[in-house]
1. List pairs: first residue in region 57-81 and closer than 22 Å to residue 99 by Cβ, second residue part of a loop (DSSP other than H, G, I, E, B) and aromatic (Phe, Trp, Tyr) anywhere in the structure, Cβ distance under 8 angstrom, at least six positions apart or on different chains.
2. Looking only at region 36-56, how many residues end up being within 11 Å of residue 85 (Cα to Cα), touching a residue at least 40 places away in the same chain (Cβ under 8 Å) and not in a helix (DSSP H, G or I)?
3. Would you pick out the residues in region 29-40 that are modelled with pLDDT of 75 or more, farther than 14 Å from residue 111 by Cβ and surrounded by 10 or more Cβ atoms within 10 Å (Cβ to Cβ)?
4. For region 52-68, what are the residues that are acidic (Asp, Glu) and surrounded by 10 or more Cβ atoms within 10 Å (Cβ to Cβ)?
5. Say we look at region 67-115 and pick out the residues that are in a loop (DSSP other than H, G, I, E, B) and of a type in the set (A, V, I, L, M, F, W, C); which of these is farthest from the chain's Cα centre (by Cα)?
6. Determine whether residue 45 is out of contact with any Phe, Trp or Tyr (no Cβ under 9 Å at 6 or more places or on another chain), surrounded by 12 or more Cβ atoms within 10 Å (Cβ to Cβ) and closer than 27 Å to residue 19 by Cβ.
7. Only one of (1) surrounded by 12 or more Cβ atoms within 10 Å (Cβ to Cβ); (2) at pLDDT 90 or above fails for residue 73. Which number is that?
8. From the set of residues in region 1-15 that are of a type in the set (A, V, I, L, M, F, W, C) and either loosely packed, with under 14 Cβ neighbours inside 10 Å or modelled with pLDDT of 70 or more (or both), which is farthest from residue 124 (Cα to Cα)?
Amino acid sequence: MERLAKTKQILQKSIALSAYIRFLHLIDVIDSTGGWKKLDPLEESLLNKLVLMATKQDEPILVKDLISIASIASQATLHGRVKSLERKGLINLIADQDDARKKHVYPTQLAMKRYEMLSDNFERALGSAEQAYAN
């Protein structure tokens with residue numbers, strides 16, 4: 001009985017891994033054919049962090065909030081990536097009305113479209129892995 005449970009657990013991990021690998025493959029296809037400007041790993045981490053922060057909090061996110069994530073890279077490097085994401089049309093930087101030194105950061109519709117596509121493709125990859133398991 002215990003052996004059967006372990007076998008099932010291994011199969012489930014294998015399915016999850018298979019779904020994730022399919023998802024990574026789909027991301028690669030999207031990046032190479034979807035007209036997206038390729039993001040380097042730091043840009044991707046920064047954009048992920050921004051979108052997560054934007055969905056969690058009601059207050060505006062400031063550039064300083066993003067570049068204070070020292071665990072990802074130095075502040076100078078992160079500031080350069082913020083500018084790069086702006087040039088790529090994935091974020092908007094808007095000066096604060098009361099203090100022009102402060103800049104608010106917002107993901108653009110293009111960035112949100114990217115996450116919608118990623119979500120759709122993740123669901124597709126997971127569905128195909130589950131279907132393969134069922135057969």
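1. Between residues of region 57-81 that are closer than 22 Å to residue 99 by Cβ and residues that are part of a loop (DSSP other than H, G, I, E, B) and aromatic (Phe, Trp, Tyr), there is no close pair.
2. 3
3. 40
4. 65
5. 100
6. When the stated conditions are applied, residue 45 passes them.
7. If we test residue 73 against (1) surrounded by 12 or more Cβ atoms within 10 Å (Cβ to Cβ); (2) at pLDDT 90 or above, just (2) comes out false.
8. Only one residue tops the list, namely 1.
The values are calculated or read from the model by the stated rules, or taken from the named source; none is laboratory data. On a predicted model such as this, the values are computed, not experimentally measured, just so you know. Every residue, glycine among them, receives a Cβ derived from its backbone with ideal geometry; neighbour counts consider all protein chains shown.
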